[in-house]
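Visitor: Right, I'll just put the structure down here and ask away after.
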Amino acid sequence: DTGVSQNPRHKITKRGQNVTFRCDPISEHNRLYWYRQTLGQGPEFLTYFQNEAQLEKSRLLSDRFSAERPKGSFSTLEIQRTEQGDSAMYLCASSLDPQSSYEQYFGPGTRLTVT
Amino acid sequence: AQSVTQLGSHVSVSEGALVLLRCNYSSSVPPYLFWYVQYPNQGLQLLLKYTTGATLVKGINGFEAEFKKSETSFHLTKPSAHMSDAAEYFCAVRKGSGGSYIPTFGRGTSLIVHP
């Protein structure tokens, strides 16, 4: 078990460019979550998948954001036409069936800087 | 709806002193409660969790927390601080049953440990 991994760890992009992040969850975990964390704040929920189905999206997830989990394994989060306000740490987490006490395991995050 | 309030964005202690990080929650249903720790440029790591049963919960690295329903609190303590405890700590709450099981995080408390 290698834990949750995220790539890249850091991304610097110019305003208006598109970026894509990848998350590889713990292999047997069926749930995958994306969060955004800005300086001095806790993680804010963006969206989650159960297997390949995207079951919930936060109102924070504007139309410029899209997430996929095509085969129920890894997931990608794409931000189109980036804005300076998108600068944040993007965290991925995975878990087993949440109807029990199973907690989420977090990846190291991708830090996005939009210049 | 559920929410978390962490009192004090920064807590400063001397090495060897008691650590007390405060967390109050609101939840319309019996909650599951979590404390996570985040070191610089890393993801969140679970310290401990309360689901059901014993209200005093022991976690990793000598931390413990007590669920007090009457006070809607879940404060984190450690008898003797170590320099390596310096980090950001997040309290989180989620529904124990029903709903999407998405946790709500507090804004975090930065623990500073002085030699």
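Computed from the coordinates by the stated procedures, all read-outs in this text should not be read as laboratory data. Since this is a predicted model, take the numbers as computed values, not measurements. Here Cβ is always computed from backbone atoms with ideal geometry, including for glycine, and neighbour counts include all displayed protein chains.
Visitor: Determine the principal axes of the Cα atoms in the stretch A:37-77, then give the extent along each, sorted from largest to smallest and rounded to whole angstroms.
Guide: Ordered largest first, the stretch A:37-77 gives principal extents of 34, 19, 15 Å.
Visitor: Over the stretch A:1-50, what relative contact order in percent results from Cα pairs under 8 Å that are six or more residues apart?
Guide: Once divided by the residue count of the stretch A:1-50, the mean separation gives 30 percent.
Visitor: Taking amide H positions as placed 1.01 Å from N in the peptide plane, with prolines and chain starts having none, which residues 5 or more places from B:Ala17, or on another chain, fall under 5 Å of its amide H?
Guide: Answer set, sorted by chain and number: B:Ala81.
Visitor: Taking B:Lys58 as the anchor, which lysines have their alpha carbon closer than 18 Å to its alpha carbon, excluding any fewer than eight residues away along the same chain?
Guide: B:Lys49, B:Lys68, B:Lys69, B:Lys78
Visitor: If contacts are Cα pairs under 8 angstrom and at least 6 residues apart, what is the relative contact order of chain B in percent?
Guide: Across chain B, relative contact order equals 37 percent.
Visitor: What does the structure give for B:43-53 when I average, per residue, the other chain Cβ atoms found within 10 Å of the residue Cβ?
Guide: If you average over the peptide's residues, the count of other-chain Cβ atoms is 4.
Visitor: Where the eigenvalues come from the Cα gyration tensor of the protein assembly as shown, what are the semi-axes √(5λ) of the equivalent ellipsoid, largest first, in whole Å?
Guide: Semi-axis lengths for the protein assembly as shown are 30, 21, 15 Å.
Visitor: Cα to Cα, under 13 Å, and not fewer than 8 places away if on the same chain: which aspartates and glutamates meet these conditions relative to A:Lys11?
Guide: Cross-link targets: A:Glu78, A:Asp86.
Visitor: Cross-link candidates for A:Lys57: which lysines have Cα within less than 23 Å, leaving aside residues fewer than 8 places away along the same chain?
Guide: A:Lys71, B:Lys95
Visitor: Oh, and also: What list of ³J(HN,Hα) values in whole Hz, one per residue of the stretch B:42-53 in order, does the Karplus curve 6.51 cos²θ - 1.76 cosθ + 1.60 (θ = phi - 60°) give from phi, with Gly and Pro shown as x?
Guide: Computed from phi, the couplings for the stretch B:42-53 are 10, x, 8, 10, 5, 8, 6, 8, 10, 10, 9, x Hz.
Visitor: Just grab the label-to-label distance for A:Glu83 and A:Ser27, each label 7 Å out from Cα along the Cβ direction, in nm (one decimal).
Guide: That separation, rounded to one decimal, is 4.2 nm.
Visitor: Then there is this: Could you order the peptides B:1-14, A:64-77 from most to least packed, using the average number of other C-beta atoms within 10 Å per residue?
Guide: Packing proxy ranking, top to bottom: A:64-77, B:1-14.
Visitor: Averaged across B:103-110, how many Cβ atoms of other chains sit within 10 Å of each residue's Cβ atom?
Guide: Going residue by residue through B:103-110 and averaging, the value is 4.
Visitor: How large is ³J(HN,Hα), in whole Hz, for each residue of the stretch A:76-91 in order, when computed from phi with the Karplus curve 6.51 cos²θ - 1.76 cosθ + 1.60 and θ = phi - 60°, using x for Gly and Pro?
Guide: 10, 10, 10, 10, 9, 6, 4, 10, 4, x, 7, 4, 5, 9, 9, 9
Visitor: How high is the relative contact order of chain A, in percent, counting Cα pairs under 8 Å that sit 6 or more residues apart?
Guide: Reported as a whole number, the value is 36 percent.
Visitor: When N counts the residues of chain A, how does its alpha-carbon radius of gyration compare numerically with 2.2 N^0.38 Å, as a ratio?
Guide: 1.01
Visitor: Additional query: May I ask you to derive the FRET efficiency for B:His82 and A:Asp63 from their Cβ-Cβ distance with R0 = 41 Å, giving the value to the nearest 0.05?
Guide: According to the calculation, E is roughly 0.30.
Visitor: On the Cα set of the stretch B:1-58, report Rg and Dmax in Å, please.
Guide: Radius of gyration, then largest Cα-Cα span, for the stretch B:1-58: 13.5, 38 Å.
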